[in-house]
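To keep things clear, I will list the structure first and then write my remarks on it.
The values are calculated or read from the model by the stated rules, or taken from the named source; none is laboratory data. Just so we're clear, the structure is a prediction, and the values are computed from it rather than from any experiment. Here the Cβ is made from the backbone with ideal geometry for all residues, glycine too, and neighbour counts use every protein chain on show.
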Amino acid sequence: MSERTGCMVAIDGPAGAGKSTVARAVARRAGCTYIDTGAMYRAVAYRALLDGLQVGSDDRAIGELAGTLTFEFRDSDGGDHLFVDGEDVEGPIRTPEIGNLSSSVSTIPAVREHLVAAQRRMAETRSVVMEGRDIGTVVFPDALLKVFLTASAEERARRRYEQLIAGGEDVSFERVLANQRERDERDSSRAIAPLRRAEDAVEVNSDGMSVEQVIDRVVELLERRLEERDEQGA
Ligand code: DC
């Protein structure tokens, strides 16, 4: 299966639904490359912040900036890290501040155009499991399997809160929940490529499921799709 190219699995869903953990594990099991597109929007936000650019007044410059950056996912420190123009940005892009800013930056049409093009190029020479908000609807509408991964707002905020605390961040649960609500609202209501389930996506609600159960469910769905494809002689 890994000799094929294109998007094998598109995993979309709101913040904190567990997309990264699930997508990474599914990619490993399927022998595909895992691509975290949220990291790319975060990286543009991070670089814009370093350059002193502000969403609203400097959208044009932020769009241009997105077009000049080179993105590469590499194994580093036992995980997949995003390198932007050769710099490992994994640490700085994971803060709540950059999370928020990336949601605003992702509303800029030129930023989306550049990043979508970069994401499509990444699947030209290999098969990928890609996660984000618009993978099944915009980036790869022909993905072999589309999964819309959700969980209740409280459950998602609780998971993110625990992740942040484990990473040494000083945050309150209420702040994480409020922050997430704001981001969900912006990501779902923006004019271009808003977060929504593709019509042909399978919805998986992970409330009450362990991570392993969710991974097994997605792998099972993928195996079924691969069988169907092979039966059709594709
Ligand atoms: O998945 P994440 O939380 O790391 O994503 C950060 C932000 O990037 C998210 O709030 C919305 C945006 N994003 C997007 O607009 N489209 C994607 N495919 C992925 C992320």
Residue check, G79 against (1) at pLDDT 95 or above; (2) more than 11 Å from the ligand (Cβ to nearest atom), all met but one. Which one? (1)
Among the candidates R112, R158, R94, which residue alone is modelled with pLDDT under 95, near the ligand (Cβ under 10 Å from one of its atoms) and not small (G, A, S)? R94
Any chance region 56-65 includes a residue that's within 13 Å of the ligand (Cβ to nearest atom) and modelled with pLDDT of 95 or more? no
So T107 ticks every box in (1) within 13 Å of the ligand (Cβ to nearest atom); (2) of a type outside the set (A, V, I, L, M); (3) not in a loop (DSSP other than H, G, I, E, B) but one. Which box is left unticked? (3)
Which condition does E185 not pass, out of (1) in contact (Cβ under 8 Å) with a residue 12 or more places away in the chain; (2) within 12 Å of the ligand (Cβ to nearest atom); (3) among the charged types (D, E, K, R), if it passes all the others? (1)
Considering residues that are under 30 Å from V116 (Cβ atoms) and either in a helix (DSSP H, G or I) or of a type outside the set (G, A, S) (or both), the number found within region 146-176 is 14
Tally time: how many residues in region 14-23 are modelled with pLDDT of 95 or more and more than 14 Å from E220 (Cα to Cα)? 0
Of all residues in region 79-97, count the ones that are part of a loop (DSSP other than H, G, I, E, B) and among the aliphatic types (A, V, I, L, M). 1
Residues of region 34-78 satisfying the condition of being in a loop (DSSP other than H, G, I, E, B) and more than 19 Å from the chain's Cα centre (by Cα): D51, G52, L53, Q54, V55, G56, S57, D58, D77, G78
Would region 207-214 turn up any residue that is at pLDDT below 95, assigned to a helix (DSSP H, G or I) and either on the phi > 0 side of the Ramachandran plot or loosely packed, with under 15 Cβ neighbours inside 10 Å (or both)? yes
Which ones in region 110-123 are part of a helix (DSSP H, G or I) and more than 13 Å from V138 (Cβ to Cβ)? A110, V111, H114, A118, R121, M122
Just to be sure I understand the filter: pairs with C-beta atoms under 8 Å, separated by 6 or more residues or on different chains, first member in region 122-139 and closer than 15 Å to E72 by Cβ and more than 13 Å from the ligand (Cβ to nearest atom), second member assigned to a loop (DSSP other than H, G, I, E, B) and among the β-branched types (V, I, T). Which pairs pass? A123/T5; E124/T5; T125/T5; R126/T5
